[in-house]
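The values are calculated or read from the model by the stated rules, or taken from the named source; none is laboratory data. Here the structure is a predicted model, which is why all the values come from computation and not from measurement. Quick reminder, even Gly has a Cβ in these numbers, built from the backbone with ideal geometry, and neighbours come from all protein chains shown. Quick note on the areas: whole protein, heavy atoms, side chains included, nothing else; ligands and nucleic acids left out. Shrake-Rupley method; radii C 1.70, N 1.55, O 1.52, S 1.80 Å.
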Amino acid sequence: MQLRDPLRTVLSGTVFIFSESQSVAMSMSRLTPSCLCFLSSSRFSLAQDTEASFRASIIFCFNPASIFYSSIYSESLYALFSIGGVYHLLSGTSNVGVLWFALSGCARSNGILNAGYICFQTMHRAYEALYQKRRAYLAMQVFIAGFLRCICICLPFVAFQAYGYYNICHGHTRDEVRPWCKGRIPLLYNFIQSHYWGVGFLKYFQFKQLPNFLLASPILSLAVCSIMSYMKSRPELFISLGFQATEKEKRSAARLYSLKDAVEPSVKTSTNEGNHDIRQRKPSSKKDVTGTKVAPEKSGYLSADVFPFIVHLSFMVTTAFFIMHVQVATRFLSASPPLYWFASSLIGSPKHSKWGYLIWSYCAAYILLGTLLFSNFYPFT
């Protein structure tokens, strides 16, 4: 089969993209950086880190998987709902965040992993209610609320599996149905992944797949460096799953670590007062760094409220490298905020200026490479 002219294909594909989708996909691509900027601003709370928030959003606009964000594809929709859900979760509107997470699961199946944020929040809130406030009933309330929220996030995935089972397996004898229909938990998604695509633990570790490992190596290297950098700076958080965060850090990340804005009206009242008090103390806390347990370098990307994102990214990196088709990692990890926060911190650091140029070169190269390969039906990611 003769290869079509790549330049002509790229031009025609570009015309098609911009003419056909005034589009939901293009709209989502433009909205998602705004969500990331708002989210980054809430995480990089110090005044001097406002520029870091903006840089992270700009890097996202030119991320290595940009071809999937500028074409009619589900990636931009997933990124919007996923990042938007985290933003609402950290803004105190947990139920709205759960709705956004559920919508991300409608866009892509890996949206189910966003339930991890709710699990982290529930774990810390239940611990505070049970061991600090000594109120078992409140801990049970927190646990039930978290469990129901996780069910809501997983519901789109479960509904799709049920729909597949009803259409393919229901009403047929055991001899007529496909093997996955006979499983204790019949999952159409897992069967297609393993049977037709060869997805499984270490199944992709073959010599002929070495080019695909090389293709994914830049994004995996950036992700691993971001995780290792955080782990070396905050080892106590990894060992304790965030329980060794200082009281000041827990107050600044109250949506994730404490019962503020949880199920009790009395707790909600104290939250507003606490947040008002924190806003009043913010200018002085910036000056009185020596009086706190947290060093100045523990703010921004290295703050405790970034820890759940690092755990989420670690799980995704492990899954992409050992289980999935590894070249998919470029777009699989593209909606993870810590990548852009870490890249932004490198670019903004005078000590790592060379890394900044390398990151921008990597993004530009993969935008061009992805456009050529993807538009010619080659496996880019």
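Condition test on F191, is it farther than 30 Å from A365 by Cα, part of a helix (DSSP H, G or I), out of contact with any strand residue (DSSP E or B) (no Cβ under 6 Å at 6 or more places or on another chain) and touching a residue at least 24 places away in the same chain (Cβ under 8 Å)? Judged against the criteria, F191 is not a match. Taken together, the residues in the range 226-239 that are open to solvent by 20 Å² or more (accessible area, probe 1.4 Å) and either of a type outside the set (F, W, Y) or in contact with a strand residue (DSSP E or B) (Cβ under 6 Å, 6 or more places away or on another chain) (or both) amount to 8. Filtered by the rule that a residue be hydroxyl-bearing (S, T, Y) and part of a helix (DSSP H, G or I), the range 332-358 gives Y340, S344, S345, S353, Y357. Checking each residue in the range 195-221 for being open to solvent by less than 50 Å² (accessible area, probe 1.4 Å) and part of a helix (DSSP H, G or I) picks out Q209, N212, F213, L215, A216, S217, P218, I219, L220.
For the range 247-262, the set of residues classified as surrounded by 14 or more Cβ atoms within 10 Å (Cβ to Cβ) and not basic (K, R) consists of E249, S252, A253, A254, L256, Y257, S258, L259, D261, A262, listed by residue number. Is the range 299-310 home to any residue that is farther than 26 Å from Y87 by Cβ and either part of a loop (DSSP other than H, G, I, E, B) or of a type in the set (K, R) (or both)? No: the range 299-310 contains no residue that is farther than 26 Å from Y87 by Cβ and either part of a loop (DSSP other than H, G, I, E, B) or of a type in the set (K, R) (or both). Whenever a residue of the range 355-379 is farther than 13 Å from A65 by Cβ and among the small types (G, A, S), its partners that are surrounded by 16 or more Cβ atoms within 10 Å (Cβ to Cβ) and modelled with pLDDT of 85 or more, lying with C-beta atoms within less than 7 angstrom and at least six residues away or across chains, give the pairs G356/L346; G356/I347.
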